[in-house]
Amino acid sequence: MSFSIAHLIAAQQAEQYPLHLQYINPPLARAQAIIGFDKLYTRGDGAYLWDANGERYLDLLSGYSVFNLGRNHPVIRQTLHEVLDLERPNLVKMDCPLLAGLLAKELVSRMPPGLQAVFFGNSGAEAVDTALKFARAATRRARTLYLGHAFHGLTLGTLPINGGADFRNGFGPLMPGCEAVEMDDLPALERELRKGDVAAFIVEPIQGKGVYIPQDNYLPEAQRLCRKYGTLFIADEVQVGMGRTGRFLACEHWGLEPDMVTLSKSLGGGYIPVSATITWRSIHDKTFSRLDRCQVHSTTFGQNELAMAAGLATLHVMEAEHVVDNAAQVGDKLLQGLSALKERHGLIQDVRGKGLMIGIEFAPAGSLGVKAAWTAAEAAQKGLFAQLVVMALMRDHHILTQVGGPGVNIIKLLPPLIIGDPEVERIISAFDAVMGEAAHVSGRVWSQSGQLIKQALSQ
Ligand SMILES: Cc1ncc(COP(=O)(O)O)c(C=O)c1O
C-alpha cells in the first residue's frame, strides 16, 4: 500500500488534539483549549495561518522567531525541493560537506570582525551549550555569568544559566559555577569578573522573556570589563539575531564585538532545525586543538544538507527582499503606533522594543472595579491579565500573541519580518479595541477572568 502524508493528514485532522492528550503533553493541550488556541490549522503563508474552517489568523508568534521570512517562503521551498531532487549525499560524516562551508562563509561575512570559525548544531540550546564548552576550553576557567531574566534554552546544560525560577525548579541540582548578575549593574558584574575565574559572560542583547532592553552603556561596558578580566563575552542572538531587531545582529545596535555569537531559529528558513556558534579561530582551536581531538565536540545531524541549504537560501532572501530594513522601518511604525495607545489606555504601562521585537507591559489602572478585578486575577495567577489580552486578541481579532514570560503582565510580539502597513494597522486597531474593552469590568476581556481564575486555583 502506498504512503501519502496528504491523505493521512486529511483523514486524521480531527484527531490532532485527542492524540496530543493521549500521547504527548496533556496539560499543554488542555491549556491551549482553555485559552482558545486549540485551532486546527491547515495552511500557513507569509504572516498568516488558516484553520480548517477557512478562518485567517495573523501570526505574531512566528514560531518564537522561526518564521522571520514568513511561512512557506517560495525561495526556501524551492531550495529544499532542489536539494531533494539532486539526491545529494547528505551526512556522509567522514567528510567536509560543501554546503556547510558555503554557509559558514556567508555567516562569517555578516559577523563583527574576528569571528571566523563556525560550529553547526541543531537548536538554540545546543548553540549555547557549545559556546559554554568552547569558553571553558579556551579559558580553562569554570564559572559562567548570566543575567537575571535570561533565557538560553531548557536543556540541562543551559538551565543553570536560566534567569527564571519557574524553569529551573524541580530539576536540580544544576551545574555549579553559574551566577546571575542583574542587567545594568556594572559594579556587580565587575565584582564577579575580578575573581578571575569566570570563563564566560553570556547575554541576550535584548532579553526574550519580558523584552528587557539594557541601558545604552551597559553592553559596551560589560564587554570592556570582560576583556579586562579575560572573560569571554557571548552574545546569544538565537532570538534577536537574523534581523529581528532591525539589524542582522542585535549587537550592532551598540557596536559590540563579542567573542562568540549564537544563532538558530530562522536560520533554517522556517523548515529545518539548525544553529551556529560563531567565534574567533583562536577560541575554536582551543577545543579542536589536535588531530586526535578534531571531533571532540560534534553532533550527528550538524551540517546536514537541508539545514545548510535552507540557511543559504534564508540569507539570500534576507538580502534580496531587504528584510532587515523592513524590520527596522515597520518595527518603528508599530512601536510608535502602540506607544500612542499608552496615552488612551491607562492599563498600558510601557511599550518597548527594537525592530520587530516588541513588549507591551500592563499595570492596574482605571476604575475601582477594574483594579479589583486585576487584584483578584493577579492573586490567582501572576500575569493573568496579559493572558486575558492574548485570549481577546485571538477570539475577537484572530491575532496570535503570547505572554512574554512566566508570571509577567507583558505581551511579546514577534511578527514575521515581512509584515507591512496593513498588518501594522490591524495590530494597532486590535490592541486599541481590546484595551478599550478591558477598561470596563463588565466587558468581554474580564468576563473570561473568572473561568481562568478557577482553572488557576484548581491547579
Ligand atoms: C536567546 C535564546 N537562546 C536559546 C534558546 C533555546 O533555543 P532552542 O529552543 O532552539 O533550544 C532560545 C529559545 O527561545 C532563546 O530565545
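The values are calculated or read from the model by the stated rules, or taken from the named source; none is laboratory data. Small disclaimer: the values here were computed from a predicted structure and weren't measured. Cβ placement follows ideal geometry from the backbone for every residue including glycine, while neighbour counts extend to all protein chains displayed. Just so you know, the surface numbers come from the protein's heavy atoms only, side chains and all, with ligands and any DNA or RNA stripped out. Shrake-Rupley method; radii C 1.70, N 1.55, O 1.52, S 1.80 Å.
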Hey, can you grab everything whose amide H is under 5 Å from the amide H of Ser275? Only 5+ residues off in sequence or another chain; H modelled, so Pro and N-termini drop out.
Gly121, Asn122, Ser123
Charge dipole of segment 182-318 built from unit charges on the beta carbon (Lys, Arg +1; Asp, Glu -1), centred at mean Cα; most positive-end Cα among Tyr212, Gly270, Ser298 is Ser298
C-alpha long axis of helix 421-438 to longest principal axis of the chain, angle in °
50
Listed residue (Leu91, Leu60, Trp50) projecting farthest to the positive dipole end of segment 27-95, Cβ model
Leu60
On the formula 1/(1 + (r/R0)^6), with r taken between the Cβ atoms of Thr375 and Cys294 and R0 of 56 Å, the FRET efficiency rounded to 0.05 is 0.40
Computed [θ] at 222 nm, helices only, for the chain once each DSSP H run of length n ≥ 4 contributes -39500 (n - 2.57)
-13000 deg cm²/dmol
Given charges of +1 on the Cβ of Lys and Arg and -1 on the Cβ of Asp and Glu, with all other atoms neutral, how large is the dipole of the chain about its Cα centre, in debye to the nearest 20?
980
Electrostatic dipole magnitude of segment 178-277 [Cβ: Lys, Arg +1; Asp, Glu -1; Cα centre; debye, to 20]
200
For segment 117-202, which chymotrypsin sites (Phe, Trp or Tyr not before Pro) are both in a DSSP coil and crowded by at most 15 other Cβ atoms within 10 Å?
Phe171
Pop out the ³J(HN,Hα) list for segment 101-112 in order, Karplus 6.51 cos²θ - 1.76 cosθ + 1.60 with θ = phi - 60°, rounded to Hz; leave Gly and Pro as x.
x, 5, 5, 4, 4, 5, 5, 4, 5, 9, 8, x
Could you work out the relative contact order of the chain, using alpha carbon pairs under 8 angstrom and six or more residues apart, expressed as a whole percent?
19
Against the longest alpha carbon principal axis of the chain, how many degrees, from 0 to 90 and to the nearest 10, is the axis of helix 124-139 turned?
40
Take the residue pairs Lys195/Lys412; Lys382/Lys412; Lys133/Lys209 and return only those whose Cα atoms are more than 27 Å apart.
Lys195/Lys412
With r as the distance between the Cβ atoms of Leu186 and Ala14 and R0 = 60 Å, compute the FRET efficiency 1/(1 + (r/R0)^6) and round to 0.05.
0.60
Please list 3J(HN,Hα) in residue order for segment 83-94, calculated via the Karplus relation 6.51 cos²θ - 1.76 cosθ + 1.60 where θ = phi - 60°; whole Hz, with x for glycine and proline.
4, 5, 5, 6, 6, 5, x, 6, 6, 5, 6, 7
What does the charge count around His20 come to, taking other residues whose C-beta lies under 10 Å from its C-beta (Lys +1, Arg +1, Asp -1, Glu -1)?
-1
Potential extension, Leu40-Lys454 segment - 0.36 nm per residue separation minus Cα distance
146.4 nm
Computed E for Tyr23/Asp432 - FRET, C-beta separation, R0 35 angstrom, nearest 0.05:
0.25
Within 10 Å of each candidate Cβ there may be at most 13 other Cβ atoms; applying that plus a DSSP loop requirement, which trypsin sites (Lys or Arg not before Pro) in segment 127-159 survive?
Arg140
Using 0.36 nm per residue, how much length does the chain from Leu91 to Arg56 gain when fully extended, once their Cα-Cα distance is taken away?
8.7 nm
Residue by residue through segment 299-305, the couplings from Karplus 6.51 cos²θ - 1.76 cosθ + 1.60 with θ = phi - 60°, in Hz, x for Gly and Pro, are 8, 3, 8, x, 6, 5, 5
In Å², and per residue, what accessible area does segment 108-233 have when probed at 1.4 Å with the other protein chains present?
40
Could you pull out every residue, at least 5 positions away or on a different chain, whose amide H is within less than 5 Å of the one on Ile358? Hs are placed 1.01 Å off N in the peptide plane, and Pro or chain starts have none.
Leu413
Sulfur and carbon atoms: percent of accessible area, the chain [1.4 Å]:
54
Global form of segment 344-459, assessed from the alpha-carbon gyration tensor, a/c cut-off 1.5
prolate
Fraction of beta bridges assigned by DSSP in the chain that are antiparallel (%, nearest 5):
65
Which angle between 0 and 90 degrees, to the nearest 10, do you get for helix 449-458 versus the longest principal axis of the chain when only C-alpha atoms count?
60
Give, to the nearest whole percent, the P(r) tail of the chain beyond 31 angstrom, counting all Cα pairs.
45
Would you grab the residues whose amide H sits under 5 Å from the one on Leu69? Only those 5+ places off in sequence or on another chain, please, with H modelled 1.01 Å from N.
Leu417
